[in-house]
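Notes follow once the structure below has been shown.
The values are calculated or read from the model by the stated rules, or taken from the named source; none is laboratory data. From a predicted model like this one, the values you see are computed outputs, not experimental measurements. Methodologically, a virtual Cβ is constructed for each residue, glycine included, from the backbone with ideal geometry; neighbour enumeration extends over all protein chains shown. Ligands, DNA and RNA are stripped out before the accessible areas are found, and what is left, the full protein with its side chains, is counted by its heavy atoms. Shrake-Rupley method; radii C 1.70, N 1.55, O 1.52, S 1.80 Å.
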Amino acid sequence: MNEIAIQNLRLSISSSSSLSHPRPHLSMAQQQQQLCRKMSLRRNVNRRLAVLRRCFRVFWSKILRIGCLCKAIDYTQLHTTSAAPSSVTVSDVESGGGRGGFVSGSGRKSNSDLVDLKISLLGDSHIGKTSFLVRYVGNEKEQGDDQTKGLHLMDKTMIVNGARISYNIWEVEGDEKSAEQIPAACKDSVAILFMFDLTSRCTLSSVVRWYKQARRWNQAAIPVIIGTKFDDFIQLPIDLQWTIASEARSVAKALNATLFFSSATYNINVNKIFKFITAKVFDLPWTVERNLTIGEPMIDF
């Protein structure tokens, strides 16, 4: 009897629970509707996540651009009063004598303790070659000799480990008529500076042409590629700066040359370039690190 009563009690409990929580019976159409709602909800969630990811990328890219521009602003706020030319120093390298000026081959005094080294400057017209040279050497004197038409010759005397070194710097004008001066300018040079305007990409393309012409007459000189007018370059949009810098690095790598961005107006990297040449020629320590940051004066070697 007790077992029968217990079974009846279990049956009554199960029947009451099934009555209190009836299982709904869904038709096929209702099941399809629920499935469509779930898929639609999932698509909406994925769409919103995609929008959030896109917004995050845009926000992050703006943060990176602002960081680069802030570094560039540091250079735009430079004052010309702080851009006075200084002497090249590599270890114990000192500037010797005066500022220099125009020097002809026959006008130099013969000194047994003076070592003459020749440097060539090549590049298109109106890219800042003369300004760069004057910034390093000093005020230029006018050329009056017809035999050196198309050339600007200046010198700079330094003291390296007690020895007096005089750099004879030969600048070739960038017009077509001056091309005939390339052999005279490049022969016996220890370094050749190939210059271009950072704000003019066509002048960068011309560097390869200048390089080929120079190498016909001198294959041993140290090649250096210099981008001028860095103070104007940092006013360009950041994406254009990145494009020009990438192209300049590619050209320098192809020509196996060292790359510098410079400004004669603010004396940016002008002395470092000649410091680099001095270190290479005399096998002195070179401690300046590479700088590949967009918005800063680049150095790549």
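May I ask what percent, to the nearest 5, of DSSP beta bridges between residues of region 114-300 are antiparallel?
On the way: 14 of 39 bridges.
That works out to approximately 35 percent antiparallel.
Accessible area per residue for region 114-300 in Å², computed with a 1.4 Å probe and the full protein assembly in place, what is it? Display every interim value, and only then the final one.
Numbers: 8110 Å² over 187 residues.
Accessible area per residue, region 114-300: 43 Å².
Could you give each residue of region 171-185 its phi-based ³J(HN,Hα) in whole Hz, using Karplus coefficients 6.51, -1.76, 1.60 with θ = phi - 60°, and x for Gly or Pro?
9, 9, 5, x, 7, 5, 5, 7, 4, 5, 8, 4, x, 5, 6
Cys202 accessible area, nearest 10 Å², 1.4 Å probe?
About 90 Å², ignoring ligands and nucleic acids.
Output ³J(HN,Hα) for region 216-232: one whole-Hz value per residue in order, computed from phi by the Karplus curve 6.51 cos²θ - 1.76 cosθ + 1.60 with θ = phi - 60°, and x for Gly and Pro.
These are the phi-based 3J(HN,Hα) values: 5, 10, 7, 9, 9, 5, 6, x, 9, 9, 10, x, 8, 6, 4, 5, 7 Hz.
Alpha carbon centre of region 198-262 versus region 113-133: separation in Å?
16 Å
Placing +1 on the Cβ of each Lys and Arg and -1 on the Cβ of each Asp and Glu in region 114-300, which of Ile273, Thr287, Pro297 has its Cα farthest towards the positive end of the resulting dipole?
After comparing all options, I get Thr287.
So which of Lys187/Lys229; Lys129/Lys187; Lys149/Lys272; Lys156/Lys177; Lys229/Lys272; Lys253/Lys280 end up more than 23 Å apart by C-alpha? Write out the running numbers ahead of the final one.
Numbers: Lys187/Lys229 28 Å; Lys129/Lys187 19 Å; Lys149/Lys272 29 Å; Lys156/Lys177 27 Å; Lys229/Lys272 16 Å; Lys253/Lys280 18 Å.
Long pairs (Cα-Cα over 23 Å): Lys187/Lys229; Lys149/Lys272; Lys156/Lys177.
To the nearest 20 debye, what charge dipole does region 114-300 have about its Cα centre, counting +1 at the Cβ of each Lys and Arg and -1 at the Cβ of each Asp and Glu?
Numbers: 21 positive and 22 negative charges, 108 e Å.
Taking the Cα centre of region 114-300 as origin, the dipole is about 520 debye.
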